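All of the numbers you see were taken from the coordinates with simple rules; none came from a lab. All values derive from a computational prediction rather than experimental measurement. Please note: Cβ atoms are built from the backbone with ideal geometry, for glycine as well, and neighbour counts cover all protein chains shown.
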C-alpha cells in the first residue's frame, strides 16, 4: 500500500519539475513539458489514491479530461 506522505513528496517534486519545464519558454509542445505534464498527472493520481486508501479522504480538485474545452 502506498504511503500518502511519500506520494505527497513525489507530487510536490513533480509540480516543481513541471514548473521548471514550463518556465523554460519552449512552449507546450516541448517534449520536456509534455513529459513533465504526464509525470505530474501520474503523481497526482498516485497521491490521490494513497490519500484515499490511508485516510479515506479525497482531494478538492480533479483532472480535466483531455477532450474538455478550456475556453
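Worth a mention:
- Ranking of 12, 33, 64 by count of other Cβ atoms within 10 Å, fewest first: 64, 12, 33
- Nearest-ten-degree value, helix 31-55 long axis tilted from longest Cα axis of the chain: 10 degrees
- Against the chain, whose longest principal axis is taken from its Cα atoms, helix 4-22 shows a tilt of about 10°.
- Descending Cα extents along the principal axes, the chain, whole Å: 39, 26, 16
- Take the Cα of residue 19, step 7 Å toward its Cβ, do the same at residue 53, and the gap between the two points is 2.8 nm.
- FRET efficiency estimate (nearest 0.05) - Cβ-Cβ, residue 66 to residue 35, R0 22 angstrom: 0.85
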